[in-house]
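Trainee: Pasting in a structure now, in structure tokens, and then I'll have a few things to ask.
The values are calculated or read from the model by the stated rules, or taken from the named source; none is laboratory data. Worth saying up front: this structure is predicted, and the values here are computed from it rather than measured. Cβ placement follows ideal geometry from the backbone for every residue including glycine, while neighbour counts extend to all protein chains displayed.
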Amino acid sequence: MKVLVTGGLGFIGSAVIRHLINETDHTVVNIDKVGYASSFGAVAAVADDPRYEFVRADITDTDTVEEMVAAASPDAILHLAAESHVDRSIDGPRLFVDTNVIGTLNLLQAARSQASRVGDRGPRFIHVSTDEVFGSLQPDDGPFTAATPYSPRSPYSASKAASDHLVRAWGETYGLHTVVCNCSNNYGWFQFPEKLIPLMVVRGVEGKSLPVYGDGANVRDWLFVDDHARGLVAAMERGHNGGTYLFGGGSERSNMQVVEKICDALDATVSRPPAGGHRTLIEFVTDRPGHDFRYAVDYSWAAQELQWEPSYTFDEGIERTVDWYLANESWWRPILDGTYDTARLGQGVG
């Protein structure tokens, strides 16, 4: 199968590409605009494989997307290209609408054109979304399921909700083979250090304060990125047309629990931890506007339909993640020196 992956230099996209090249016989065309969070290093281990090809392109460019999909003639499109940081969406929502909504529309239209050329449903269209489209759970609520009503509460989640609806509508109206996947919070190697876990690690290594929003009680379900990559490929290979699959780690933790776990891991591995340990660096800061309280995902349908389950516990995954960042400062140090200085984002002042 020939797979076109959008956003393949991103955190999750690169994990999908590594899985496709290392664990399957599929060929891959990686489409990425090379934005601020893109990383060639994340695919360096497979970049020389004859089954891998990279094309620099922006999915908001309608003509380019049409030409790109026509030239690639893929059997499947794994659509991961997106602006994905809630804080950045608060400061600059238009970019999120342009990329996540208009970019998805362009890809769907290009898939329609491909279907017309080959005379069938065209490429399978696997749309990668987020559990944030469902809104916020309270402590006693059950987890999100595919039947949970949409209730996005940030510019980011609203843009992803819109793109989910577009994908389903194009499947119903134009007969495309579509699958929507909604995931919980991902973590692991090659994640840009604006996100909670790598941000805490790199700031902790530098002995800087560890900012925690509000009182740290907000809860997320954490999914190791390699497990998510397996799930997405399974949805591409075995997911039924029109299906929705939720991927979660079964690992609900409060933000405070996550930060404390990272602090303890750093204390055990850093040669010179701060006096009193890294927990002394924790600093509570003004909460994010509209901060959802809790996310949790019921992935039982993916387990039943796709024979998929997460393989990493949170404790295993976070230890691997912290160790990776400590061993790969050469990857994240240039980011801190030139792209992102770990300053606070998402205060609604942009």
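Trainee: Give the residues of the stretch 1-51 that are in contact with a Phe, Trp or Tyr (Cβ under 9 Å, 6 or more places away or on another chain) and among the acidic types (Asp, Glu), sorted by residue number.
Mentor: ASP32
Trainee: Could I ask something else about it? Filter the stretch 207-229 down to the residues that are under 29 Å from ARG121 (Cα atoms) and either among the aliphatic types (A, V, I, L, M) or surrounded by fewer than 21 Cβ atoms within 10 Å (Cβ to Cβ) (or both) and list them by number.
Mentor: ALA229
Trainee: Does VAL133 satisfy the criteria of being out of contact with any strand residue (DSSP E or B) (no Cβ under 6 Å at 6 or more places or on another chain), of a type outside the set (S, T, N, Q), under 19 Å from PRO289 (Cβ atoms) and in contact (Cβ under 8 Å) with a residue 12 or more places away in the chain?
Mentor: yes
Trainee: For LEU281, state whether it is farther than 18 Å from TRP222 by Cα, surrounded by 15 or more Cβ atoms within 10 Å (Cβ to Cβ), touching a residue at least 24 places away in the same chain (Cβ under 8 Å) and among the aliphatic types (A, V, I, L, M).
Mentor: Taking the combined requirement at face value, the residue satisfies it.
Trainee: OK, next. Considering only residues that are of a type outside the set (D, E, K, R), in contact (Cβ under 8 Å) with a residue 60 or more places away in the chain and surrounded by fewer than 23 Cβ atoms within 10 Å (Cβ to Cβ), which ones fall in the stretch 87-98? Before the answer, list the steps.
Mentor: Of the stretch 87-98, the ones of a type outside the set (D, E, K, R) are 89-90, 92-93, 95-97.
Now drop any that are not in contact (Cβ under 8 Å) with a residue 60 or more places away in the chain, which leaves 89-90, 92-93, 96-97.
If the condition is that a residue be of a type outside the set (D, E, K, R), in contact (Cβ under 8 Å) with a residue 60 or more places away in the chain and surrounded by fewer than 23 Cβ atoms within 10 Å (Cβ to Cβ), then ILE90, GLY92, PRO93, VAL97 are the ones that fit.
Trainee: Further, regarding this structure: Can you work out which of the residues in the stretch 239-278 that are hydroxyl-bearing (Ser, Thr, Tyr) and touching a strand residue (DSSP E or B) at 6+ places or on another chain (Cβ under 9 Å) is surrounded by the most Cβ atoms within 10 Å (Cβ to Cβ)?
Mentor: Residues of the stretch 239-278 hydroxyl-bearing (Ser, Thr, Tyr): 244-245, 251, 254, 269, 271.
Those still in the list that are touching a strand residue (DSSP E or B) at 6+ places or on another chain (Cβ under 9 Å) too: 244-245, 251, 254.
Numbers: THR244: 22, TYR245: 25, SER251: 23, SER254: 16.
Filtering the stretch 239-278 for residues that are hydroxyl-bearing (Ser, Thr, Tyr) and touching a strand residue (DSSP E or B) at 6+ places or on another chain (Cβ under 9 Å), the one surrounded by the most Cβ atoms within 10 Å (Cβ to Cβ) comes out as TYR245.
Trainee: Which pairs have Cβ atoms under 6 Å, sit 6 or more apart or on different chains, and link a residue in the stretch 324-350 that is more than 27 Å from PRO155 (Cβ to Cβ) to one that is aromatic (Phe, Trp, Tyr) and at pLDDT 80 or above?
Mentor: Listed by first residue and then by second, the contacts come to TRP324/TRP189.
Trainee: Taking only the stretch 15-53 into account, find how many residues are over 19 Å from ALA72 (Cα atoms) and not β-branched (Val, Ile, Thr).
Mentor: Result for the stretch 15-53: 15.
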